[in-house]
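Just so you know, all these numbers are worked out from the coordinates, no wet-lab data involved. For clarity, every value in this text was computed on a predicted model and none was experimentally measured. Methodologically, a virtual Cβ is constructed for each residue, glycine included, from the backbone with ideal geometry; neighbour enumeration extends over all protein chains shown.
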Amino acid sequence: MANRLNFYTAGESHGRQLTAVLTGLPAGLPVDVSRVDSELARRQGGYGRGRRMQIEGDCALITSGIRHGRALGTPLALSIENRDWPNWEQEMSVTPPAPEFVSQRTVSVPRPGHADLAGAAKFGHRDMRNVLERASARQTAASVAVGAICRQLLEQFDIEVVSCVVNIAGIRAAGGLRSDEQFWTRVENSDVRCGDEEAAQRMREAIDEAARKGDTVGGEFEVYARGLPPGLGSTAMWQERLDSRLAAAVMGIPAIKSVEIGLGKAVADRPGSQVHDPIAVDRSNRRWPFVRPTNNAGGIEGGISNGEPIVVRAAMKPIPTLTQPLPSVKLPDLEPQPAHAERSDVCAVPAASVVGEAMVIFVLAQAMREKFGGDSLEDMKAAWTSYWQRLQELWQQGEEV
Ligand SMILES: Cc1cc2nc3c(=O)[nH]c(=O)nc-3n(C[C@H](O)[C@H](O)[C@H](O)COP(=O)(O)O)c2cc1C
């Protein structure tokens with residue numbers, strides 16, 4: 001379906017380029033392509049990233065789907081070149097290499113925690129580079145580029161999506177600051193994307209300590225979406241629930257091992273009276289006169305957005321490539337050996353938080369396209385206006401009863 005928002009990505013970590021194809025943007029959407037590169041820079045930053053991030057300096061080339069700064073309503077294609085390609089041209093050549101070529105980068109000792117062993121079994125590869133090249137989180141750059149475009153669609157409806165790191169290596173940021181705008185400025189200026197400066201300093205120390213020991217660390221980030229209308233997603237089918245879609249999209253980021261909405265797993269420990277958000281009324285807001293003093297539901301009830309901010313929290317495991325590698329075995333002779341080691345991040349939680357933001361943006365933009373449809377931005381805005389009118393009439397009828 002032409003107006004179903006969707007995207008595919010392709011590209012190996014050390015291949016020539018990453019490619020993304022995004023379908024379903026409404027015609028007429030103004031798109032500032034320079035904002036794609038600034039989002040890519042946000043993903044590449046962060047304390048604890050490897051040297052590759054300095055080489056990359058990602059920038060996207062959009063080759064279709066936009067004309068004179070506006071979406072055409074046709075597939076948008078973009079590519080992100082690998083700046084390190086000259087060093088990998090032979091290794092990653094699409095055509096068979098010259099007969100005298102001997103690979104220097106074969107991977108034969110799988111890394112615990114990475115896709116190497118399971119992927120070798122699945123695809124039948126003897127050289128596990130054939131697995132890790134796509135399992136690598138390099139592909140998340142393409143998702144971030146797509147998110148940068150979809151963000152501009154959400155902005156047309158005053159919907160904002162932000163993220164921050166709340167835990168690295170068990171060092172937790174103080175809670176309760178999120179409604180303070182300065183908190184978000186501090187997050188954007190922080191190399192660990194943490195708005196609690198005291199915790200941020202201890203996070204950096206934990207990353208340094210792990211690096212010294214040849215180890216790695218994980219953590220948690222939160223994504224907030226503000227300004228959403230009630231009614232995105234559906235109770236009708238499990239696949240349509242907004243919470244299941246957000247969970248799948250964020251869990252699909254490499255190394256993410258848990259995704260929570262709102263209170264998340266803490267709901268299991270509390271009675272209902274301390275979990276569910278009371279409903280109060282503010283008659284001065286005719287468009288949406290409902291007030292929730294708490295947001296433990298994280299903006300979703302019954303798989304549908306309820307008008308409150310959406311809160312998604314995800315936990316990332318430590319990076320599997322260790323410079324002090326764990327025990328493993330060489331394939332195919334099964335000789336015990338330390339796992340393969342290559343240039344790698346010590347901590348990528350700040351980057352994962354930017355990727356998480358992009359995936360949440362994509363799911364919300366997709367849900368907005370479903371609800372408000374249309375082929376052009378104008379169609380979509382007309383449907384948006386009429387939806388709010390309908391809601392308002394619903395409450396007014398209630399007053400008359
Ligand atoms: C932004 C980001 C950067 C990452 N950087 C690395 C890295 O440098 N080295 C590494 O071994 N894993 C890295 N990972 C994690 C691996 O991609 C991931 O653990 C691996 O693909 C196996 O998937 P799984 O952890 O979901 O099982 C990174 C993940 C993300 C989200």
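Under the simplified labelling scheme, the LYS317-SER38 pair shows an inter-label distance of 3.6 nm, with each label point 7 Å from Cα along Cα→Cβ. Restricting the range 348-386 to GluC sites (Glu not before Pro) that sit in a DSSP loop and have at most 15 other Cβ atoms within 10 Å of their own Cβ leaves nothing. Among the helices of the chain (complete DSSP H runs), which have Cα atoms covering no less than 27 Å along the helix axis and a Kyte-Doolittle mean of at least 1.0? In the chain, the long hydrophobic H runs are 349-372. Our estimate of slack between SER64 and SER93, defined as 0.36 nm per intervening residue step minus the Cα-Cα distance, is 7.9 nm.
Among SER353, SER13, SER143, the largest mean-square fluctuation in a Gaussian network model of the chain (Cα springs under 10 Å) belongs to SER13. Number of Lys-Lys pairs in the range 6-400 with C-alpha atoms under 19 Å apart and a separation of 8 or more places or on different chains: 6. When peptides 103-112, 40-49 are sorted by average Cβ neighbour count within 10 Å, with the highest value leading, the order is 40-49, 103-112.
In this Cβ point-charge picture (+1 for Lys and Arg, -1 for Asp and Glu), the chain has a dipole of about 420 debye about its Cα centre. Close amide-amide hydrogen proximity is noted between GLY73 and ALA27, GLY28, each under 5 Å apart and 5 or more residues distant or on a separate chain (H modeled in the peptide plane; Pro and chain starts excluded).
Just in the range 97-192: which chymotrypsin sites (Phe, Trp or Tyr not before Pro) are loop by DSSP and have at most 13 other Cβ atoms within 10 Å? Before the final figure, lay out the partial values.
Working: sites: PHE101, PHE123, PHE157, PHE183, TRP184; in loops: PHE101, PHE157.
Of the chymotrypsin sites (Phe, Trp or Tyr not before Pro), the ones in loops of the range 97-192 whose Cβ has at most 13 other Cβ atoms within 10 Å are PHE101.
Placing a pseudo-label 7 Å from each Cα along the Cα-to-Cβ vector at ASP180 and LYS381 gives an inter-label distance of 3.7 nm. Where only DSSP H runs of four or more residues are counted, the chain gives -10500 deg cm²/dmol as its mean residue ellipticity at 222 nm, each run worth -39500 (n - 2.57). Panel order for HIS68, HIS276, by other beta carbons found within 10 Å of each beta carbon, from fewest to most: HIS68, HIS276. Treating r as the C-beta distance of ARG212 and ARG270 and R0 as 51 Å, the FRET efficiency rounds to 0.80.
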